[in-house]
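These notes concern the structure reproduced below.
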Amino acid sequence: MTSTTEEAGVRPHPQRWAVLGVLCLAVMVVVLDNTVLNVAIPSISTGLGASTADIQWMINAYSLALAGLLLTTGSLSDRFGRKRALLTGLALFGVGSAVAAYATSPEALIAARGFMGVGAAVLMPGTLAVLMQLFDEKERPKAIGIWAAVTSLGFASGPVIGGALIKHFWWGSVFLINVPVAVLAIAAVAVLVPESKDPTVRKPDVVGSILSIIGMVSIVYAVIEVPEHGFGSPEFGVPVALGLVTMAAFALWERRTAEPMLDLGFFSDRRFTGAVASGVLAAFGMAGSLFLLTQHLQGVLGYSPLEAGVRVAPMAIALLVTSNTLGQLVVRLGAGKAMLLGMTIVAAGVVLLPVGTTYPPTLAGLILIGVGVGVAQPVAVNALMGAIPPERAGIASGLSSTLSELGSSFGIAVLGAVLSARFVASLPEGVPGRSLSEALHSGADVTVVREAFSTGMGVSLVIGAIAVFLGGVVASVLLRRA
């Protein structure tokens, strides 16, 4: 069955909730993979004889492919069809996962991870674009809330599933589990998801695609080099300069070409600009904070990866409950006030995460983050996607995902650097501070090491909370004016 933009806008698709389930399944498999990998790293290192640099590239190859291609793949999904993009992306991701599961060398696994990143980049923009096509303004916030909750649930459940798989099987099982899920998702997409695409025939923007890929890969690569070399190093400065120059050239080209891949006129809409800006700041604060939280749960509170994963789950549960129960409150508040309220609650939760050396304050912080995201994210996504023509939903989703990926990368790098500096400064003389694990196994007083880490984390998370709160302020001002 084919559903045009106009039909989707007039008559709700009768199987839209089933389709939402399929879209959530597609997103879930991608999100799960990243968090599952973190748990499997020690086993992969032993099984393949991988070095620290190899492990880093297993993670980074995926990030580079995803961030570099999202703009291009979002545009292509609009041109050739979102359903086709979903099917292609799932197939690529499934094949990459199968190759990764049976990789016999670090190089093979790195290549497979990059291939999986390509698959994720192809399918991700289509999930949100299809959602926006099928649901009207009344149902859309609830649908977006469910979509966001599943994303958070994937983040939280990844370590749980990964820990269970590693305990009973070999390291490749964390990748192999993606294959049947991808096959199931492909079958469901083929049967249930209607095709939709931009009815306007546009020439491919080859120059814009090349410039966007070079620019985004350069910037993300620069951020990846920060933990090892620092912000003042050539390893950071050269690629970030190349990335910024290339992205400036991309913007100039998009303004001048007759049929641009990305219409920069989108940014003249305050709703679009407010949603994108707040999304970048929220990604900066939340991704960096949750990255540090996994270290806090395991290194300071002493939980295993499996136990830590279970203890992050309340955030997803709170998000799911909030997004499905507070819809009318959000409508009454209006977009601007709802964004400010939601992001303020998230910021308060982020500040609470490292308080003390017991779990209850962390639990309270996670619940607040879930509630805040449950309020703010449906509003932000609705504002973003509602500000553009439905036929360009893929490129808009790709742009949003690209900038969020960039914000997340910078958040992890910046908050991690602040934590590292404070951690080293707070340790007794002679105690190595390259990592929490190294310091804990150095023979130093464990309590002193954990307090030093908590001190550094507290400073980092205040910065993260400020970024999230500023995102709420920016969104509130721009959405209220809109």
**Report entry** Residue among 353, 368, 319 that alone is open to solvent by 10 Å² or more (accessible area, probe 1.4 Å) and of a type outside the set (Lys, Arg)
**Finding:** 368
**Report entry** Residue check, residue 149 open to solvent by less than 50 Å² (accessible area, probe 1.4 Å) and on the phi < 0 side of the Ramachandran plot
**Finding:** yes
Report summary line: Out of (1) in the same structural domain as residue 154 (by the TED database); (2) among the hydrophobic types (A, V, I, L, M, F, W, C); (3) closer than 21 Å to residue 73 by Cβ, the one residue 187 does not meet is (3)
**Report entry** Only listed residue being assigned by the TED database to the domain that holds residue 401 and either surrounded by fewer than 20 Cβ atoms within 10 Å (Cβ to Cβ) or touching an Asp or Glu at 6+ places or on another chain (Cβ under 7 Å) (or both), chosen from 307, 225, 235
**Finding:** 307
Query raised in the report: When the stretch 68-85 is examined, which residues are found to be open to solvent by less than 10 Å² (accessible area, probe 1.4 Å), within 18 Å of the chain's Cα centre (by Cα) and under 16 Å from residue 27 (Cα atoms)?
Result: 70, 74
Query raised in the report: How many residues are touching a Pro at 6+ places or on another chain (Cβ under 9 Å) and of a type outside the set (Val, Ile, Thr) when one looks only at the stretch 212-262?
Result: 8
Query raised in the report: If you take the residues in the stretch 86-107 that are of a type in the set (Val, Ile, Thr) and either in contact with a strand residue (DSSP E or B) (Cβ under 6 Å, 6 or more places away or on another chain) or not in a loop (DSSP other than H, G, I, E, B) (or both), which one is surrounded by the most Cβ atoms within 10 Å (Cβ to Cβ)?
Result: 88
Query raised in the report: What is the one condition in (1) closer than 26 Å to residue 457 by Cα; (2) surrounded by 19 or more Cβ atoms within 10 Å (Cβ to Cβ); (3) at pLDDT below 75 that residue 330 does not satisfy?
Result: (1)
Requested in this report: Say whether the condition of being closer than 21 Å to residue 126 by Cα, acidic (Asp, Glu) and at pLDDT below 75 is met by at least one residue in the stretch 389-401.
Outcome: yes
Query raised in the report: Quick check: is even one residue across the stretch 247-268 open to solvent by 50 Å² or more (accessible area, probe 1.4 Å) and touching a Leu at 6+ places or on another chain (Cβ under 8 Å)?
Result: yes
Requested in this report: Would you confirm whether any residue within the stretch 428-439 is surrounded by fewer than 19 Cβ atoms within 10 Å (Cβ to Cβ), among the hydroxyl-bearing types (Ser, Thr, Tyr) and closer than 18 Å to residue 351 by Cα?
Outcome: no
Report task. Starting from the stretch 281-306, take each residue that is in a helix (DSSP H, G or I) and list its partners that are open to solvent by 30 Å² or more (accessible area, probe 1.4 Å) and basic (Lys, Arg), counting only C-beta distances under 8 angstrom and pairs at least six apart or across chains. Result -> 297/311; 299/450; 300/450; 306/167
Query raised in the report: Residues of the stretch 459-482 being at pLDDT below 85 and either open to solvent by less than 50 Å² (accessible area, probe 1.4 Å) or closer than 23 Å to residue 352 by Cα (or both), which ones?
Result: 479
Report summary line: Exactly one of 396, 348, 335 is open to solvent by 40 Å² or more (accessible area, probe 1.4 Å), small (Gly, Ala, Ser) and out of contact with any Lys or Arg (no Cβ under 8 Å at 6 or more places or on another chain), and that one is 348
Query raised in the report: In the stretch 214-243, how many residues are in a loop (DSSP other than H, G, I, E, B) and at negative phi?
Result: 3
Report task. Tell me which of these residue 172 doesn't satisfy, since it passes every other one: (1) at pLDDT below 75; (2) more than 21 Å from residue 383 (Cβ to Cβ). Result -> (1)
Query - Which numbered condition residue 373 misses (of (1) modelled with pLDDT of 85 or more; (2) surrounded by fewer than 18 Cβ atoms within 10 Å (Cβ to Cβ)) - result: (2)
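The values are calculated or read from the model by the stated rules, or taken from the named source; none is laboratory data. Since this is a predicted model, take the numbers as computed values, not measurements. Cβ coordinates were reconstructed from backbone atoms using ideal geometry, including for glycine residues, and neighbour counts include every protein chain displayed. SASA here: full protein model, heavy atoms, side chains in, ligands and nucleic acids out. Shrake-Rupley method; radii C 1.70, N 1.55, O 1.52, S 1.80 Å.
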